[in-house]
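The values are calculated or read from the model by the stated rules, or taken from the named source; none is laboratory data. Just so it is clear, the model here is predicted, and its values are computed rather than measured. All Cβ positions, even for glycine, are placed from backbone atoms using ideal geometry, and neighbour counts span all protein chains on display.
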């Protein structure tokens, strides 16, 4: 069999304007290339991980230079077609970034002088590519403007009291930022009472990440997962559906091909539907070794063989807004908190050092420190209250309501 | 050390070049799933005009001068830049400390030597028929790093660091309540990793016993005995981060709280940071070219020092400590810890246990955080009754007030250990560090 050449690449340009203690600190720029050259031949693949740039000729030569390190790969490399996607919406210059940072920091220092702020304002433009001798020629480009603010009350003995952040493809007139700043800081000095019945309003990435790790088809097959043996079973709430979605415009820098160049038809993979476990996720090695479906979800690994993972998972939204889901109850927005790991039984404790109490529209006040507990099965089961259809200023992003128990 | 760059006039500038090499072999249930080696070279170029730092990261070292010139055009020339308090403090060291050259350099160590170590531990530590074991993994590898730093003040230093590591890990499905555990071992060369077989097997037996017998803790306030690795986590996460001075430059509340000479803990407590120890936090020169030194943060319960870069030292009127560190050439430096430890005492472990009528022994933790309330996430704990270690306990979290806990330490063991396992995170940057400490007893902590 003739050798088949394949190249994975990433080009990333980042500009960052940083503020410390209310003052401009640094303007940083980064312009980096990273590639993986892979040569498939006789059931093996030679790999060269290049950080920086080399000519393709040199990259492929280095991939073949160390036969001792050629990795077993008894699968066919992925044939493909041509597909380019550009999700970016606008160019945002370094000058515009510096002006935006100055405007936002001025708003904070003018309106909230009782706080000290550190800020990070970033533009990122990234292009990922995948090409091989079998006709695959893919690229995905995306760009974002990110805002991250850390704040500390001047009377506080904490190193910091909280932070908020959000991303945009196209910056608005500053409304989003002002809404978010006012929400987090406007009622900081008003102390509210911890409700008897605690509902957390959180972004779900951390919890979803814990769940996704249990859906690794290899770990499920070995019995290492809490979901081992539960394929087809209803484990979570009726209203809970989890999918990998490469079309998701609410995420950034998602690719529509996996680490082996495979493309899922329709770009989506349903993992859990209405609480029922539909499938674990795999790459070619795991599918072959354990006799499970090949879900075309290999994590990209520039320096070695792939692994199952690297997905863009999202929880299907409810058709109700956060306020409608709350239905008159109050929710806690955790600001500074620490989660324990899940213990053997799946139990978890969360220390909420600081948080806000709100009704889905307005903040009532800040809450004192308290602890809550939850459980792996309950988070997306009996205590799951849904992901709102809207993106309130709490996160300007998808958010989940979760009932928890005080301890 | 000869530098070849033309630094722009009326601006401070520096160049940090980082060369790294890493290799890793990993086996999962008998299959070699990881086998890689990667080199990485890049530089961070910085220019400062007294108001703003301008930085640029590049992979191509040939572009350093171009980037330096381009950044200089963005900055505003400042004739008095070398009178800037932070720039004035910067040291002008010229030195080369390259220890890992020739045969010692990781890139020149044959892959087969790592593979031999890996296969040895498979034979010595893995029994595929071990009851209830659902998977096992062993990985062996190493990381090498060389930094070269040049500044417009004339600083020119280069140094390197290398560490080989071994991880042995086992998982148990435990009927849908999976749990795993293992051990990390370190050395300069692959062959240094031999000799830990029994340590791993003992740890495996402890884990199996824990899985079979652990009971839920009754949440509440307990006297806690922290093992050396738990003390290390406490010293680093719960106190250490508060000693990083970049958080308190113009903050009156924090400056009043952490004023030098203040009693902040029991006289049994002494905590130190030093980048010049041959451990995972080794940095003989920091990323501003400052020589590393031993900084006692607390001595016998009294606040005696904090960690600085040139900016924080100049603002607070204190001396440089050599703690300006960046994750890599893509990042600008922050104030970071290096090798941070609580000093050992005189009590034996057995005496501390025997002297505890009712409490909890926190044997192993996975991670921790530290604001005013610190959090430790335990993996394995035991109940202590009448001076004896009793049944294993499932504890999800140990919390306490940093300010109070430092005063509540009433026994300090002589069993000091330094752990090279850590990577510390701060503001999106990771840094290799080590942390250490002895067994300590804390009068009361919240356990849940």
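Quick check on segment B:52-74. Is at least one of its residues farther than 30 Å from residue A:53 by Cβ and not in a strand (DSSP E or B)? No, every residue in segment B:52-74 fails to be farther than 30 Å from residue A:53 by Cβ and not in a strand (DSSP E or B).
Given the criterion farther than 23 Å from residue A:257 by Cβ, at pLDDT 95 or above and part of a strand (DSSP E or B), identify the matching residue among A:31, A:15. Of A:31, A:15, the one residue that is farther than 23 Å from residue A:257 by Cβ, at pLDDT 95 or above and part of a strand (DSSP E or B) is A:15. Please specify each residue of segment B:407-441 satisfying the condition of being surrounded by 17 or more Cβ atoms within 10 Å (Cβ to Cβ), within 14 Å of chain A (Cβ to nearest Cβ) and not in a strand (DSSP E or B). Within segment B:407-441, no residue meets the criteria.
Candidates are the residues of segment B:356-377 that are closer than 14 Å to residue B:445 by Cα and modelled with pLDDT of 95 or more; the one that is surrounded by the most Cβ atoms within 10 Å (Cβ to Cβ) is B:362. Would you confirm, using the coordinates I've provided, whether residue A:32 is more than 10 Å from chain B (Cβ to nearest Cβ), buried (at least 16 other Cβ atoms within 10 Å of the Cβ) and either touching a residue at least 60 places away in the same chain (Cβ under 8 Å) or closer than 30 Å to residue A:121 by Cα (or both)? No, not satisfied. Does residue A:27 satisfy the criteria of being closer than 19 Å to residue A:130 by Cβ and touching a helix residue (DSSP H, G or I) at 6+ places or on another chain (Cβ under 9 Å)? It is false that residue A:27 is closer than 19 Å to residue A:130 by Cβ and touching a helix residue (DSSP H, G or I) at 6+ places or on another chain (Cβ under 9 Å).
Residues that are more than 30 Å from residue B:213 (Cβ to Cβ), in a strand (DSSP E or B) and touching a helix residue (DSSP H, G or I) at 6+ places or on another chain (Cβ under 9 Å) within segment A:345-403 comprise A:356, A:358, A:363, A:384, A:385, A:386, A:387, A:400, A:401, A:402, A:403, listed in sequence order.
Being in contact (Cβ under 8 Å) with a residue 12 or more places away in the chain, crowded, with 21+ Cβ neighbours inside 10 Å and either within 14 Å of chain B (Cβ to nearest Cβ) or assigned to a helix (DSSP H, G or I) (or both) is a property that residue A:151 has.
Within segment B:356-373, residues that are in the same structural domain as residue B:244 (by TED's automatic domain parsing) and assigned to a strand (DSSP E or B) sit with their Cβ atoms under 6 Å from residues that are surrounded by fewer than 21 Cβ atoms within 10 Å (Cβ to Cβ) and modelled with pLDDT under 90, at 6+ positions apart or across chains, in these pairs: B:366/A:341.
Matching residues to (1) away from chain A (no Cβ under 14 Å); (2) more than 30 Å from residue A:229 (Cβ to Cβ); (3) surrounded by 18 or more Cβ atoms within 10 Å (Cβ to Cβ); (4) in contact (Cβ under 8 Å) with a residue 40 or more places away in the chain:
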site	(1), (2), (3), (4)
B:184	yes, yes, no, yes
B:195	yes, yes, no, no
B:224	yes, yes, yes, yes
B:246	no, yes, yes, yes
B:251	no, yes, yes, no
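Name every residue in segment A:226-258 that is within 14 Å of another protein chain (Cβ to nearest Cβ) and touching a residue at least 40 places away in the same chain (Cβ under 8 Å), in order of residue number. Listed by number, the residues that qualify are A:226, A:227, A:230, A:231, A:233, A:235.
This table checks each residue for (1) away from chain A (no Cβ under 12 Å); (2) out of contact with any strand residue (DSSP E or B) (no Cβ under 8 Å at 6 or more places or on another chain); (3) at pLDDT below 95.
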site	(1), (2), (3)
B:167	yes, no, no
B:192	yes, no, no
B:219	no, no, yes
B:256	no, yes, yes
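Scanning segment A:12-28 for residues that are within 27 Å of residue A:255 (Cβ to Cβ) and either surrounded by fewer than 17 Cβ atoms within 10 Å (Cβ to Cβ) or without any contact (Cβ under 8 Å) to a residue 24 or more places away in the chain (or both) gives A:12, A:13, A:28.
Scanning segment A:35-52 for residues that are surrounded by fewer than 18 Cβ atoms within 10 Å (Cβ to Cβ), more than 7 Å from chain B (Cβ to nearest Cβ) and without any contact (Cβ under 8 Å) to a residue 24 or more places away in the chain returns no hits. Yes or no: segment B:118-130 includes at least one residue that is closer than 28 Å to residue B:432 by Cβ, assigned by TED's automatic domain parsing to the domain that holds residue B:203 and under 27 Å from the mean Cα position of the chain (by Cα). Looking for residues that are closer than 28 Å to residue B:432 by Cβ, assigned by TED's automatic domain parsing to the domain that holds residue B:203 and under 27 Å from the mean Cα position of the chain (by Cα), one finds at least one in segment B:118-130, hence yes.
Of all residues in segment A:105-148, those satisfying the criterion of being in a helix (DSSP H, G or I), surrounded by fewer than 20 Cβ atoms within 10 Å (Cβ to Cβ) and in contact with a helix residue (DSSP H, G or I) (Cβ under 8 Å, 6 or more places away or on another chain) are A:107, A:111. The one condition from (1) within 24 Å of residue B:425 (Cβ to Cβ); (2) at pLDDT below 95; (3) in contact with a helix residue (DSSP H, G or I) (Cβ under 8 Å, 6 or more places away or on another chain); (4) in a loop (DSSP other than H, G, I, E, B) that residue B:250 does not meet is (1).
Scanning segment B:51-82 for residues that are away from every other protein chain (no Cβ under 12 Å), without any contact (Cβ under 8 Å) to a residue 60 or more places away in the chain and under 34 Å from the mean Cα position of the chain (by Cα) yields one hit, B:64. Where residues in segment B:125-142 are modelled with pLDDT of 95 or more and away from chain A (no Cβ under 13 Å), which of them is surrounded by the fewest Cβ atoms within 10 Å (Cβ to Cβ)? Selected residue: B:126.
With the requirement that a residue be at the interface with chain B (Cβ under 8 Å from one of its Cβ atoms) and farther than 17 Å from residue B:241 by Cβ, what does segment A:154-171 give you? Result: A:154, A:155. Can you find, within segment B:85-111, the residue that is farthest from the chain's Cα centre (by Cα) among those that are part of a loop (DSSP other than H, G, I, E, B) and within 14 Å of chain A (Cβ to nearest Cβ)? Applying the filter and picking the extreme gives B:110.
The lone criterion from (1) on the phi > 0 side of the Ramachandran plot; (2) at pLDDT 95 or above left unmet by residue B:175 is number (2). Within segment A:266-307, the set of residues being more than 30 Å from residue A:49 (Cβ to Cβ) and assigned to a helix (DSSP H, G or I) comprises just one member, A:266. Taking the stated definitions as given, is residue A:205 more than 14 Å from chain B (Cβ to nearest Cβ) and surrounded by 18 or more Cβ atoms within 10 Å (Cβ to Cβ)? Criteria not met by residue A:205.
Of everything in segment A:19-28 that is more than 8 Å from chain B (Cβ to nearest Cβ) and part of a strand (DSSP E or B), the residue that is nearest to residue A:97 (Cα to Cα) is A:19. Taking the criterion of being more than 14 Å from residue B:224 (Cβ to Cβ), touching a strand residue (DSSP E or B) at 6+ places or on another chain (Cβ under 9 Å) and assigned to a helix (DSSP H, G or I), the residues of segment B:340-355 that qualify are B:349, B:351, B:354.
When residue B:380 is tested against the conditions (1) touching a residue at least 40 places away in the same chain (Cβ under 8 Å); (2) more than 14 Å from chain A (Cβ to nearest Cβ), the lone failure is (2).
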